[in-house]
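A.B. asks: This is the structure, below, for whatever I ask next.
Nothing in this text is a laboratory measurement; each read-out follows from the coordinates by a stated rule. These numbers were taken from a predicted model, which means no experiment stands behind them. Note: ideal-geometry Cβ built from the backbone for every residue, glycine included; neighbour counts use all protein chains shown.
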Amino acid sequence: MVEVKINDEVKVGGNNPCFIIAEVGQNHQGDIEIAKKLIKAAKDAGANCVKFQKTCLKEKFTKKYLERPYDNPNSWGKTYGEHKRHLEFSESQYRELFKYAHEVGILCTASAMDMVSFDFLVNMKVPFIKIGSGDSNNLLFLKYAASKQVPLIISTGMVDKSAVKTIYDIISAQHKNFCLLHCISAYPVPYEDCNLTVIQDYMNTFDIPIGYSGQEIGTAVALASVALGAKVLEKHITLEKTMKGTDHVCSLTPPEFQQLVRDVRVIENALGTPIKKVVTSEIPCIDKLQKSLVMGCTKNKGEILYPGDVKIKVAEPKGLNALHFEEVIYKTLVYDKKEDEPLNQGDFC
Ligand SMILES: CC(=O)N[C@H](C=O)[C@@H](O)[C@H](O)[C@H](O)COP(=O)(O)O
Ligand SMILES: C=C(OP(=O)(O)O)C(=O)O
């Protein structure tokens, strides 16, 4: 499988650990201090990267859409434009945040929500650029992004498989330094809509790392995605789930995020090898509880071992592994044997 090179130290896919993105998105409430707290929380939780959403409002939205009333409990203004302006950091604030993340020691990037934002992020030399599901049908943008030859992580919410193939074709025509994330764009996603096994379908279809961007509540589904093979995992992070904003409800608090990272690492460790074998840690249990062949009754040298004469029990000392039962039946005893005595190679012929 192709590995995606995020920077000189970090690669995604192949045998590399799952790349975990803490998605701040707009959970900073438009407040740079909250944004910094979330960067620090992402670092402390063990995330590999922290991410924002960069938008040039007049590139992403029509004038009329921005003037649309946005009257709901998550709104930061009377119109959608006012709401989004409240949540959007300036370029200099982004510089400050990237600098802070660098000081804290965590990779930091953003989703480019439009071409202008994409160019800004390229200039900022972010380790990769995320393309969110809002652009999974935006072929013009995808072509533009592909032509810039920067690593990309692309979400695939709100479209079907044929569109995902189109995304793959567009980017891979230029380079293979990209991942696709399975994603369902609902806040929160009902569990029955997660369709997590799409991850396996993507893995069978595409020769690039596949990941999961989860908007469902909790960590169970995200953990399952890693067990299914996700090599990138994105989850929203928040300081407090009851804060105002559309995404807080499907976000994880810093302790939850920390637990997620810990559990992902446990799962990766536990996935191990598909070769079923006896492992060293089983030896004490084998010694203590595995059954072996013993005499079912007392018999003398020269007598035949009929079924019923050989029993399978936990014994000390052990006899032959009980898997050899069939090989022992109808053999002749070479020694006298008492009931419950172990039967070993050399005791019969
Ligand atoms: C599809 C997409 O962009 N989704 C993003 C990523 O998950 C979200 O964070 C949205 O920006 C957010 O839900 C929008 O909320 P509002 O409309 O209240 O600002
Ligand atoms: C919308 C985004 O992501 P996703 O589609 O993965 O939720 C984003 O990263 O801005």
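A.B. asks: So what is the calculated 222 nm ellipticity per residue for the chain, using -39500 (n - 2.57) for each DSSP H run with n of 4 or more, over all residues, to the nearest 500 deg cm²/dmol? It would help to have the intermediate numbers written out before the result.
C.D. replies: Details: 13 runs with 121 residues, N = 349.
Counting only the DSSP helices, I get -10000 deg cm²/dmol.
A.B. asks: With axes computed from alpha carbons, what is the tilt in degrees of helix 254-271 against the longest principal axis of the chain, rounded to the nearest 10 within 0 to 90?
C.D. replies: It is inclined by approximately 40 degrees.
A.B. asks: How far is it, in nm, from the label point at Tyr187 to the one at Asn137 when both lie 7 Å from their Cα along the line to the Cβ?
C.D. replies: It works out to 1.9 nm between the two label points.
A.B. asks: Oh, and also: When the Cα centres of the stretch 215-257 and the stretch 70-112 are compared, how far apart do they sit, in Å?
C.D. replies: After rounding, the separation between the Cα centres reads 19 Å.
A.B. asks: If contacts are Cα pairs under 8 angstrom and at least 6 residues apart, what is the relative contact order of the chain in percent?
C.D. replies: Normalised by residue count, the contact order of the chain is 15 percent.
A.B. asks: Only loop residues by DSSP count here, and only those with at most 14 other Cβ atoms within 10 Å; note down the trypsin sites (Lys or Arg not before Pro) in the stretch 258-349 that meet that. Kindly include the intermediate steps, with their values, before the conclusion.
C.D. replies: Working: sites: Arg262, Arg265, Lys276, Lys277, Lys288, Lys291, Lys299, Lys301, Lys311, Lys313, Lys318, Lys331, Lys337, Lys338; in loops: Lys276, Lys277, Lys291, Lys301, Lys318, Lys331, Lys338.
Of the trypsin sites (Lys or Arg not before Pro), the ones in loops of the stretch 258-349 whose Cβ has at most 14 other Cβ atoms within 10 Å are Lys276, Lys277, Lys301, Lys331, Lys338.
A.B. asks: Just to be sure I understand the model, the point goes 7 Å from the Cα along the line to the Cβ. What's the resulting Glu240 to Tyr330 distance in nm?
C.D. replies: Result for the modelled spin labels: 7.9 nm.
A.B. asks: Rounded to the nearest 0.05, what FRET efficiency do Val278 and Gln200 have when you use their Cβ-Cβ distance and R0 = 35 Å?
C.D. replies: Calculated transfer efficiency: 0.75.
A.B. asks: Taking only Cα atoms of the stretch 203-349, what ratio of Rg to Rh do you get with Rh as the Kirkwood inverse-distance radius?
C.D. replies: Taking Rg over the Kirkwood Rh, I get 1.38.
A.B. asks: Still on this structure, I have one more. Pull up the DSSP beta bridges for the chain and report the antiparallel fraction as a percent, rounded to 5.
C.D. replies: 25 percent
A.B. asks: Lys5: which aspartates and glutamates have alpha carbons under 17 Å from its alpha carbon, excluding same-chain residues fewer than 8 sequence positions away?
C.D. replies: Cross-link targets: Asp207.
A.B. asks: Given +1 on the Cβ of Lys and Arg, -1 on the Cβ of Asp and Glu, and no further charges, what dipole in debye does the chain carry about its Cα centre, rounded to the nearest 20?
C.D. replies: About 720 debye.
A.B. asks: What angle do you read, to the nearest 10 degrees and between 0 and 90, between the alpha-carbon axis of helix 32-45 and the longest principal axis of the chain?
C.D. replies: Between the helix axis and the principal axis of the chain, the angle is about 10 degrees.
A.B. asks: Using a simple spin-label model with points 7 Å from Cα along the Cα→Cβ vector, what separation in nm is obtained for Asp8 and Ser90?
C.D. replies: So the label points at Asp8 and Ser90 sit 3.4 nm apart.
A.B. asks: A further question on this structure: Assuming R0 = 51 Å, what is the FRET efficiency of Ala220 and Lys338, from their Cβ-Cβ distance, to the nearest 0.05?
C.D. replies: The pair Ala220/Lys338 has a calculated efficiency of 0.40.
A.B. asks: Which angle between 0 and 90 degrees, to the nearest 10, do you get for helix 161-172 versus the longest principal axis of the chain when only C-alpha atoms count?
C.D. replies: Between helix and principal axis, roughly 80 degrees.
A.B. asks: Filter Lys11/Lys99; Lys99/Lys176; Lys11/Lys277 down to the pairs with a C-alpha to C-alpha distance above 26 Å, please.
C.D. replies: Distance filter (> 26 Å) returns Lys99/Lys176; Lys11/Lys277.
A.B. asks: Express the Stokes-Einstein translational diffusion coefficient of the chain in µm² s⁻¹, to the nearest whole number, given a Kirkwood radius over alpha-carbon pairs, 4 °C and a viscosity of 1.567 mPa s.
C.D. replies: Stokes-Einstein gives a translational diffusion coefficient of 55 µm²/s.
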